[in-house]
4 protein chains.
Amino acid sequence: MAIRIFLTGGTFDKEYNELDGTLFFKETHLPEILNLGRNRVPVEMRTLMMIDSLQMTDLDRDTIVHNVSRCEDEKIIITHGTDTMVTTAQAIAKEVTNKTVVLVGAMIPYKFGSSDGLFNMGAALAFVQTLPKGVFIAMNGRYFTYDNCVKNKKTGKFEEIA
Amino acid sequence: MAIRIFLTGGTFDKEYNELDGTLFFKETHLPEILNLGRNRVPVEMRTLMMIDSLQMTDLDRDTIVHNVSRCEDEKIIITHGTDTMVTTAQAIAKEVTNKTVVLVGAMIPYKFGSSDGLFNMGAALAFVQTLPKGVFIAMNGRYFTYDNCVKNKKTGKFEEIA
Amino acid sequence: MAIRIFLTGGTFDKEYNELDGTLFFKETHLPEILNLGRNRVPVEMRTLMMIDSLQMTDLDRDTIVHNVSRCEDEKIIITHGTDTMVTTAQAIAKEVTNKTVVLVGAMIPYKFGSSDGLFNMGAALAFVQTLPKGVFIAMNGRYFTYDNCVKNKKTGKFEEIA
Amino acid sequence: MAIRIFLTGGTFDKEYNELDGTLFFKETHLPEILNLGRNRVPVEMRTLMMIDSLQMTDLDRDTIVHNVSRCEDEKIIITHGTDTMVTTAQAIAKEVTNKTVVLVGAMIPYKFGSSDGLFNMGAALAFVQTLPKGVFIAMNGRYFTYDNCVKNKKTGKFEEIA
């Protein structure tokens, strides 16, 4: 069965608007990332939203939980901004117990050359195939369970709580 | 405990010699790849050789097996050219049974911009943390056991034998 | 005699802050750009400021004019944000008549991979060696005199006035 | 009038064959380079051959001279391997005197990420617009006349003869 990828935006997919010098979202770069990685794992992608996770509302989060819950796939990756990734992971864990869900993000936009996105996506695809049922966060080579993870706002790194 | 990475060369680490237009090996790009991926998993690297896997002799292969066997680490990644990766995996599996060993390569050199190396390395690091003891090949999002994997010479892709 | 390069910032040198997702200036990437281009023309670089050209004040502009005017070099390149590049060119032209001055910018930051900065810098270095005395703007393969150039705010492109 | 670009191959356009690990030519990357540079100078491209300049025969060189000579354009850029670039420049200079011809190459293939191709192409486009009639070589920010240029085989750099 294919791995389901839900796209929500985040740093991963930010682009530079050369007309006004701001960062914005156009469309996802996931197909490009998977193509560059010569990915051969069957995946099904669906864009749920394309936003900065600081802008994510409760309603947006409900949409994500709802999609994870109702889809038939048992292995699910969610691309997500890092700032509220843990909050969304916890919301999913409340409702979904019989699937392997991996949330993944990036510190640098894929389009900016020196992105960690390609590395993180490779890891997320590996983790979702091998981890047991549960909700996980995959960042920079590591994985965390939804209930033992926090983003350190000073360093930008994800850490265990305890 | 840190993950052990043994470096043997392969496409991963090929560079372009601008004086004579040939491809050659200088030194590994693994630290650069892990840095770009903002990797936070503790790793220990050691270069065993820096060669094209078509040039790999039985003696070279013995060196790899010996190092995998005698090191104290239980989780080991080996960067390796794709052409004889399966042969090396089989040689390791004959001698080593109590460790998780993941061989990983690339189709395009890391230095050539559009490399799958960053993606593959992210996946290899994830697989070595989550797969059980055994010898595996990790390429392009997938993993294979050493005894059920072949490189399709026409397409360049790794496939199950059966 | 070496070519003088005055650095003032602009899109050229913007970077992505991975802690808060904003764009900012740290230090110039010009040495990196010239190195990548394997530049062999002798240059002397000096950073005058490192700002977005929309933030440039009259005082900043005076600083640029003063430096162009007083330096002994006869061939001068100025890296500059595109939004007020023409204004600065006109200010220089009022005071400086016996030098070849080329202002150059970029539409995409150098660090963002798909930048026009490398191309523009190659062109600016060529133009400053071959154009007569005067003040010019070099963007995207073309050159314009300071008094016949405008940035089209809708398309982001530089055009002749008439 | 548009600038004519004749394409002959060279390091510029080399690619990596991921099936057998060799370098080869497929098609030119010039349109991609000009697009990345957001080039706005009208150009007309024509591929004459797509080869390593060490493989270039007298007949190939005749083809280039013939095309430069008979075309109506007065400003011509030729992409060319660096190893025999000077020989071709001299052959052109024997036959063509009323045009500005600029030969340009690269030390690193465009597809390999850290290429000088983008920088060199920006410079070539600037030089062809501003230099007088004659045959020139443009490499790494500098330009040389066809009769005072040699490639230093040890350093890979172009230098004046005297």
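Selection of first residues in segment B:28-55 that are among the basic types (Lys, Arg) and of second residues that are open to solvent by 40 Å² or more (accessible area, probe 1.4 Å) and at pLDDT 95 or above, restricted to Cβ pairs under 8 Å at least 6 apart or on distinct chains, gives the following pairs, ordered by first then second residue: B:40/A:142; B:46/B:4.
Would segment D:38-45 turn up any residue that is basic (Lys, Arg) and on the phi > 0 side of the Ramachandran plot? The answer is yes; a qualifying residue exists. Are any of the residues in segment A:114-131 surrounded by fewer than 17 Cβ atoms within 10 Å (Cβ to Cβ) and touching a residue at least 24 places away in the same chain (Cβ under 8 Å)? Scanning segment A:114-131, I find no residue that is surrounded by fewer than 17 Cβ atoms within 10 Å (Cβ to Cβ) and touching a residue at least 24 places away in the same chain (Cβ under 8 Å), so the answer is no. The residue of segment D:143-157 that is farthest from residue D:117 (Cα to Cα), among those that are touching a helix residue (DSSP H, G or I) at 6+ places or on another chain (Cβ under 8 Å) and open to solvent by 40 Å² or more (accessible area, probe 1.4 Å), is D:147. Candidates in segment C:16-58 are the residues that are in a strand (DSSP E or B), of a type outside the set (A, V, I, L, M, F, W, C) and surrounded by fewer than 18 Cβ atoms within 10 Å (Cβ to Cβ); of these, the one that is farthest from the other protein chains (Cβ to nearest Cβ) is C:47. Counting residues in segment C:7-14 that are assigned to a loop (DSSP other than H, G, I, E, B), of a type in the set (Gly, Ala, Ser) and in contact with a strand residue (DSSP E or B) (Cβ under 7 Å, 6 or more places away or on another chain) gives one or more.
Quick grid of which residues meet (1) of a type in the set (S, T, N, Q); (2) within 22 Å of residue B:21 (Cα to Cα):
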{"position": "D:16", "(1), (2)": "no, yes"}
{"position": "D:22", "(1), (2)": "yes, yes"}
{"position": "D:31", "(1), (2)": "no, no"}
{"position": "D:40", "(1), (2)": "no, no"}
{"position": "D:52", "(1), (2)": "no, yes"}
{"position": "D:67", "(1), (2)": "yes, no"}
{"position": "D:82", "(1), (2)": "yes, yes"}
{"position": "D:86", "(1), (2)": "no, yes"}
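For segment D:111-162, a residue qualifies if it is of a type in the set (S, T, N, Q), in contact with a strand residue (DSSP E or B) (Cβ under 7 Å, 6 or more places away or on another chain) and within 14 Å of residue C:38 (Cβ to Cβ), and the qualifying residues are D:120, D:152.
Taken together, the residues in segment C:93-113 that are surrounded by fewer than 24 Cβ atoms within 10 Å (Cβ to Cβ) and more than 21 Å from residue A:111 (Cβ to Cβ) amount to 8. Filtered by the rule that a residue be in contact with an Asp or Glu (Cβ under 9 Å, 6 or more places away or on another chain) and not basic (Lys, Arg), segment C:118-144 gives C:118, C:122, C:135, C:139, C:140, C:144. Pairs are defined by a Cβ separation below 6 Å, a sequence spacing of at least 6 or placement on different chains, a first member in segment B:132-150 that is on the phi < 0 side of the Ramachandran plot and within 13 Å of chain A (Cβ to nearest Cβ), and a second member that is open to solvent by less than 50 Å² (accessible area, probe 1.4 Å) and small (Gly, Ala, Ser); the pairs so defined are B:137/B:89; B:138/B:123; B:138/B:124. Based on what the data block shows, is residue D:83 open to solvent by 10 Å² or more (accessible area, probe 1.4 Å), assigned to a loop (DSSP other than H, G, I, E, B) and facing another protein chain (nearest Cβ under 10 Å)? So residue D:83 passes the test. From the list C:104, C:68, the one residue that fits, being under 15 Å from residue D:40 (Cβ atoms), within 14 Å of the chain's Cα centre (by Cα) and modelled with pLDDT of 95 or more, is C:104. Scanning segment B:61-80 for residues that are assigned to a helix (DSSP H, G or I) and touching a residue at least 40 places away in the same chain (Cβ under 8 Å) yields B:64, B:67, B:68.
The values are calculated or read from the model by the stated rules, or taken from the named source; none is laboratory data. Just so we're clear, the structure is a prediction, and the values are computed from it rather than from any experiment. Using ideal geometry, Cβ is built from the backbone for each residue, glycine included, and neighbour counts are taken over all protein chains shown. Areas reflect the complete protein model, heavy atoms only, side chains present, ligands, DNA and RNA absent. Shrake-Rupley method; radii C 1.70, N 1.55, O 1.52, S 1.80 Å.
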